[in-house]
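Only the coordinates and a few stated rules stand behind these numbers; no lab work does. Here the structure is a predicted model, which means the values were calculated and not measured. Virtual Cβ from ideal backbone geometry, glycine too; neighbours counted across all protein chains shown.
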Amino acid sequence: MRKILVVIDMQKDFIDGALGTKEAEAIVDAVVEKIKSYPAEDVYATMDTHGEDYLRTEEGQNLPVVHCVKDTDGWKMDQRIEGLILENHIIEKPTFGSVALGELMYLENDREEIEVELVGLCTDICVVSNALLVKAFVPHAHVKVDASCCAGVTPKKHNAALETMRSCHIEVCGV
């Protein structure tokens, strides 16, 4: 069985930028080590990607904090992670969950049975959204989240998202 790692939105704006938190800053080194523990061809990443019109989008109306605008400094991956993920393994996504990621995991599983591990930011928004999408696209795959390599908007919301994922048969490890 092939083991795949998916790194969710380890971008500057979520770590120490517009939406950064001390919890997000605290997981970066652990995420780097996790990435290094997988062969490069088995690591994928998502990048939250918005345009200049962000505040006029549905998401921007509900979260009116401009972040991850394409080609800005805050949109970039953290410098410790930049270069660890193959360019053609990075998926830009316009909102929380990535249908393209779900479709890709479906295709990967069609070639060879996979297990998918997710890490990244934010546990209660993009990590949970993408974990559930992967589970929906590949329902018989083992999907897990390493809680020690994730951070939520708040510790309380992080824990609530972990519980939601457990309820949906996603393994939570690293607690």
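Using only the alpha-carbon atoms, how far is helix 128-137 inclined from the longest principal axis of the chain? Give it as 0 to 90 degrees, nearest 10.
40 degrees
Okay, helix-only estimate at 222 nm for the chain: each DSSP H run of n ≥ 4 adds -39500 (n - 2.57), divide by all residues, round to 500 deg cm²/dmol; what do you get?
-10000 deg cm²/dmol
Across the stretch 165-175, in residue order, what do the Karplus-derived ³J(HN,Hα) couplings come to in whole Hz, using 6.51 cos²θ - 1.76 cosθ + 1.60 with θ = phi - 60° and x for Gly and Pro?
Values, residue by residue: 5, 4, 4, 9, 6, 9, 5, 10, 10, x, 7 Hz.
Once fully extended, how much extra length lies between LEU63 and ALA40, figured as 0.36 nm per residue of separation less the alpha-carbon to alpha-carbon distance?
Taking 0.36 nm per residue and subtracting the Cα distance, the gain is 4.9 nm.
Quick one: which residues, 5 or more positions from GLU115 or on another chain, have an amide H under 5 Å from its amide H? H modelled 1.01 Å from N in the peptide plane, none for Pro or chain starts.
ARG2, LYS3, ILE4
Select from LEU63, LEU84, LEU19 the residue whose mean-square fluctuation is largest in a Gaussian network model of the chain (Cα-Cα springs shorter than 10 Å).
Fluctuation is largest for LEU63.
Take the chain, connect every pair of alpha-carbon atoms lying under 10 Å apart with a spring to form a Gaussian network, then pick out the residue of GLY74, GLY60, GLY102 with the largest mean-square fluctuation.
GLY60
Rounded to the nearest Å, what's the spacing between the alpha carbon centres of the stretch 1-47 and the stretch 83-134? Just the number, please.
The stretch 1-47 and the stretch 83-134 have Cα centres spaced 12 Å from each other.
In debye to the nearest 20, how big a dipole does the stretch 2-173 give about its Cα centre with +1 on each Lys and Arg Cβ and -1 on each Asp and Glu Cβ?
I would put it at about 400 debye.
Would you mind checking the pairs LYS3/LYS144; LYS36/LYS70; LYS34/LYS144; LYS93/LYS156; LYS34/LYS135 and listing those with alpha carbons more than 18 angstrom apart?
The answer is LYS36/LYS70; LYS93/LYS156; LYS34/LYS135.
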